1. How large is the charge dipole for the chain, taken about the Cα centre, if only the Cβ atoms of Lys, Arg (+1) and Asp, Glu (-1) carry charge, to the nearest 20 debye?
2. Using only the alpha carbons of the range 227-282, determine the length spanned along each of the three principal axes and report them from longest to shortest in whole angstroms.
3. Putting +1 on Lys and Arg Cβ atoms and -1 on Asp and Glu Cβ atoms, find which of 90, 39, 50 reaches farthest to the positive end of the dipole of the range 25-214.
4. Computed from the coordinates I sent, semi-axes √(5λ) of the Cα gyration tensor in Å equals one of (1) 35, 27, 23; (2) 37, 23, 21; (3) 63, 23, 19. Tell me the label.
5. Going toward the positive end of the dipole of the chain, with +1 on Lys and Arg Cβ and -1 on Asp and Glu Cβ, which of 350, 466, 284 do you reach last?
6. About the Cα centre of the range 316-431, what is the dipole size in debye to 20, counting +1 per Lys and Arg Cβ and -1 per Asp and Glu Cβ, all else neutral?
7. Taking a ≥ b ≥ c as the square roots of the eigenvalues of the Cα gyration tensor of the range 85-243, is the shape rounded (a/c under 1.5), prolate (a/b larger than b/c) or oblate?
8. Carbon and sulfur atoms: what percent of the 1.4 Å accessible area of the range 227-282 do they account for?
Amino acid sequence: MDGRPAPRAPRRRLPAVLSEERPRPRRVRERPGAWRLAVATVCFGAFMGQLDASVVTLTYRDLSAEFHASTAAVEWVSLAYLLTLVALLVPVGRLADAHGRKLFYLHGFALFTAASAGCGLAPSLPVLVGARVAQAAGAAMMQANSVALVTTSAPRGRLRAALGVQAAAQALGLALGPTIGGALVSAVGWRWVFAVNVPVGLVALVAGRYLLPRTRGRAPSGGFDPLGPVLLAASTTALLLGLSAASGLPFPGWSVAALLVTSAVAGRAFLARSRSRPRPLLDPALLRSRTVVAGLAGALCDYLVLFGPLVLVPAALTAEGASELVAGLVLTALPAGFALAATCAERVLPAGLSDRARCVLGALVCLAALAVTAVLPLTPFPLVPLLALLGLGLGVYTPANNATVMAALPTRSAGTGGGLINMARGLGTALGIALVTLTLHLAGGAGPRWAVVALLPFAGLALAAALGPAWKPAGRRG
């Protein structure tokens, strides 16, 4: 020994396939329509995410029987997924902005696919819930980056159309979920509800490797405040549990108020810490834009109005003696109208109609559809065209609202912006389900009618979000 310190062993690097984004083949990259291939690839995740969200509730009865568990215990299969997804969307988006959105999207799909296989093979309910948490982590990596990948791939003049296609893929997954889920559960059992994700995930991974562009305009890669994700997760988790308890989850009555207070305190602490840290999880400057804040509020109201009827319509129709099949077919009109408008609005509406005007138009259509629904009989004949009209309004509103939010954010923060939009969607989904369920419970026989009335103010808030701030035609900032 010569007294000198031993040299440090070189740090082992992760394999390039795990740590670096691979470029698209040149013949793909140089195609005039390469951005369309990227958008189509992102639609895999958009479709599967909504399909998975709408299909799992159909397995509750079989899960209860196989695992000898109560309905309240089985509900955690869905609740654990939602809590994990919403808590991780913004942190994952922030990391993807720094380290690569394509990288995180593909890793997310790999995790989602592997966890889906784990769900299908789960030997017990706790294992299934754990696999659903892993599945939600993968879904968060996909969803936080799906809007960002569309935004950074599509030409500026085609952004709204591209986001419309992505929204239509989500609506299609939502529409087909009950049909596909019912067929799978009836024919081959509940495990195939999860196993069907595996082949789709493998195809999506190959497509993403060759068709998605690498990240340009990254955020600084330094670590962000580690307490930020904890406070944000505490706030969103307490809020979602409070909403679930209010809508029927078997929690003590006092827990609803306690959870909502906890959510507010943790949320306030998160915002205060974000303002005081040099590298916060969420840059407060992103929320100083009235356009961004109004757009996020609009996204929350948008999905609240979309998911409320998904609970309301089956309850109203089955109470009148209709079968579950009839209720499902009637309900399909809502996501079908959404998908139609999201994909065709660009061809039908005037090209010069601004995003703000489209949001106003979509919100007005939603208000009109809900107002008429509140006074007509809740039977299949009037419900089908009214739900289709509501879907058309939402399909016009959603792509224009998302395009406005993403255009108002710097490109380097696209993943964070996508995470914020999807978090607002998740909270709106939970609030819509809780609002309708609570109204049905409190109003007795008149519950369906009052549930429709309860949705009206939120359609009005979506309209106010479009009219309130002075929206500027935003180009993407670097």
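The values are calculated or read from the model by the stated rules, or taken from the named source; none is laboratory data. These numbers come from a predicted model, not from an experiment. When we count neighbours, we look across all protein chains shown, and the Cβ atoms used for this are built from the backbone with ideal geometry, even at glycine. Just the protein is used for accessible areas: all its heavy atoms, side chains included, with ligands, DNA and RNA removed. Shrake-Rupley method; radii C 1.70, N 1.55, O 1.52, S 1.80 Å.
1. On the way: 41 positive and 16 negative charges, 530 e Å.
Its charge dipole is roughly 2540 debye.
2. Answer, in whole Å and largest first: 42, 13, 12 Å.
3. The one lying farthest along the dipole's positive direction is 39.
4. This structure yields the entry labelled (1).
5. Working it through, the farthest residue towards the positive pole turns out to be 284.
6. That gives the range 316-431 a dipole magnitude of about 400 debye.
7. It comes out oblate by the Cα gyration axes.
8. It is 68 percent, rounded to a whole number.
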